Amino acid sequence: MDEQKRNWLGKARDYKAYSLVLFALSAFLYIGTLIPNAIDGTKRLLVLGAVFVLMLASIFFSHRSNVYVRKLEDDEHAL
């Protein structure tokens, strides 16, 4: 495996890991908003906004991971 393929594989794995961590963090924060009396009303909106941003980042990193996986697959099929 040449250097570029190893680089793409490493990036794909890293981006997938980032995606999973961000998803878990957003799920944890969202569950915290469901607990009664855990967060007051004004902070709840802030936490829900953070959950939204974390989910968007998770989707972005998942997409980037898939881009590198597709590059690897296309490169293998080209040979």
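The values are calculated or read from the model by the stated rules, or taken from the named source; none is laboratory data. What you see is a predicted model, and the numbers here were worked out from it, not measured in a lab. Using ideal geometry, Cβ is built from the backbone for each residue, glycine included, and neighbour counts are taken over all protein chains shown.
One table, with the values for the structure above:
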read-out: Long-range neighbours under 8 Å by Cβ, at least six apart or interchain, first residue of a type in the set (Lys, Arg) and in a helix (DSSP H, G or I) within region 22-45, second modelled with pLDDT of 90 or more and surrounded by 11 or more Cβ atoms within 10 Å (Cβ to Cβ); value: 44/33
read-out: Top-ranked residue of region 55-66 - restricted to ones that are aliphatic (A, V, I, L, M) and surrounded by 14 or more Cβ atoms within 10 Å (Cβ to Cβ), ranked as farthest from residue 5 (Cα to Cα); value: 55
read-out: Residue match in region 34-54 (condition: on the phi > 0 side of the Ramachandran plot, at pLDDT below 95 and surrounded by fewer than 17 Cβ atoms within 10 Å (Cβ to Cβ)); value: yes
